[in-house]
Amino acid sequence: MAASANTLTNRLKQQPWGLWWLQARRLTRIEVRRNLFSWRATWIYFLAFVPTIILLIHAVFDRDGKLAMSEDTMVLAGIVQFYYIRLGIFFGCLGIFSRLIRGEMVERSLHYYLLSPVRREILLLAKFAAGSFSAILLFGSAMIADFALVYMPYGTVGHDFVFNGPGLSQLEAYLAIAVLACLGYGAVFLLLSMIFRNPMPAAMLVLGWEAINPVLPSILQRISVASYLRHLMPVSVPGDGIFALLTVETEPAPAWAAVLGLLLLIAVVLAYSCYRIRRLEIRYTTD
């Protein structure tokens, strides 16, 4: 046992970690520029900032303060719970991550990466890091802007709520939800883009799974991104009508358990993605 452990340690020390880190950083920078500064990213910017535009209009033209701050707090929580988690981040990550592998196959450019002296696992993880950074930057910035636009019109009262009340802790929770949602959905869609030539039908199945997940047995709820994020919401908004399906009360879980469970799910999906990309073959005649 000791001899095998020493052999494994020696093999790990002999790996070119410095070279891999350098390759991963450079690949990540290239992919980030392609994700953020491309005309194809326009609709993802729209998905991220459309609630910001609506809240800006509300802040500018609704100066009478007809809504109480508690009601605006519920509105913000509803935007995060029903729009960002269920739609905005979901489809934004679908657009970003499905293009990283499948999009380059369609453009017939992925083979340049595969023929270069870079391990495929490094290529995959660098693309995942770039997609995650892009998605987190866009949706995280949008949530910060939404938060500011909700409480700035209240002046001193809003300032006290944010800095002397629960405001900052709620913002931290929303940002944590955005980060985990981008990582979770990103890992899923990156894998789907390697399995299916058209990942859209599979993504719609994932969307349906996420929608019905609250009414499934607890063991099946663990195979879902939104089920973990539900336990991190600082303010819960009850749903009406069809949205009631998305807010079914489930057994509460500690925040640390929800975060750890989602990170474990992401690690499993990425590990399988690394396995898949090692066996990925490109046939441009069929793809």
### Total residues in the stretch 16-38, condition within 11 Å of residue 118 (Cα to Cα) and either touching a strand residue (DSSP E or B) at 6+ places or on another chain (Cβ under 7 Å) or touching a residue at least 12 places away in the same chain (Cβ under 8 Å) (or both)
4
### Task
Need at least 3 residues that are in contact (Cβ under 8 Å) with a residue 12 or more places away in the chain and of a type in the set (Ser, Thr, Tyr) per element, so show me which helices (runs of 4 or more DSSP H) inside the stretch 113-215 make the cut, counting only ones lying wholly within it.
120-151, 167-195
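Right, residue 157: over 18 Å from residue 279 (Cα atoms), surrounded by fewer than 18 Cβ atoms within 10 Å (Cβ to Cβ) and not charged (D, E, K, R) or not? Even if it seems obvious, please write down each step before you answer.
Values: over 18 Å from residue 279 (Cα atoms): yes; surrounded by fewer than 18 Cβ atoms within 10 Å (Cβ to Cβ): yes; not charged (D, E, K, R): yes.
Yes; evaluated as a whole, the condition is true for this residue.
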### Task
Test residue 52 against the criterion of being within 28 Å of residue 200 (Cα to Cα) and out of contact with any strand residue (DSSP E or B) (no Cβ under 7 Å at 6 or more places or on another chain), and give yes or no.
yes
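Name the one entry in 202, 226, 173, 187 that is buried (at least 16 other Cβ atoms within 10 Å of the Cβ) and more than 20 Å from residue 139 (Cβ to Cβ).
On the way: 226 fails: more than 20 Å from residue 139 (Cβ to Cβ); 173 fails: more than 20 Å from residue 139 (Cβ to Cβ); 187 fails: more than 20 Å from residue 139 (Cβ to Cβ).
Answer to the check: 202.
Here's the yes/no breakdown for (1) closer than 28 Å to residue 224 by Cβ; (2) under 14 Å from the mean Cα position of the chain (by Cα); (3) surrounded by 13 or more Cβ atoms within 10 Å (Cβ to Cβ); (4) hydroxyl-bearing (Ser, Thr, Tyr):
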| site | (1), (2), (3), (4) |
| --- | --- |
| 22 | no, no, no, no |
| 70 | no, no, no, yes |
| 73 | yes, no, yes, yes |
| 93 | yes, yes, yes, no |
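No lab work stands behind these numbers, since they all come straight from the coordinates. These numbers were taken from a predicted model, which means no experiment stands behind them. Glycine gets a Cβ as well: all are built from the backbone with ideal geometry, and neighbour counts include every protein chain shown.
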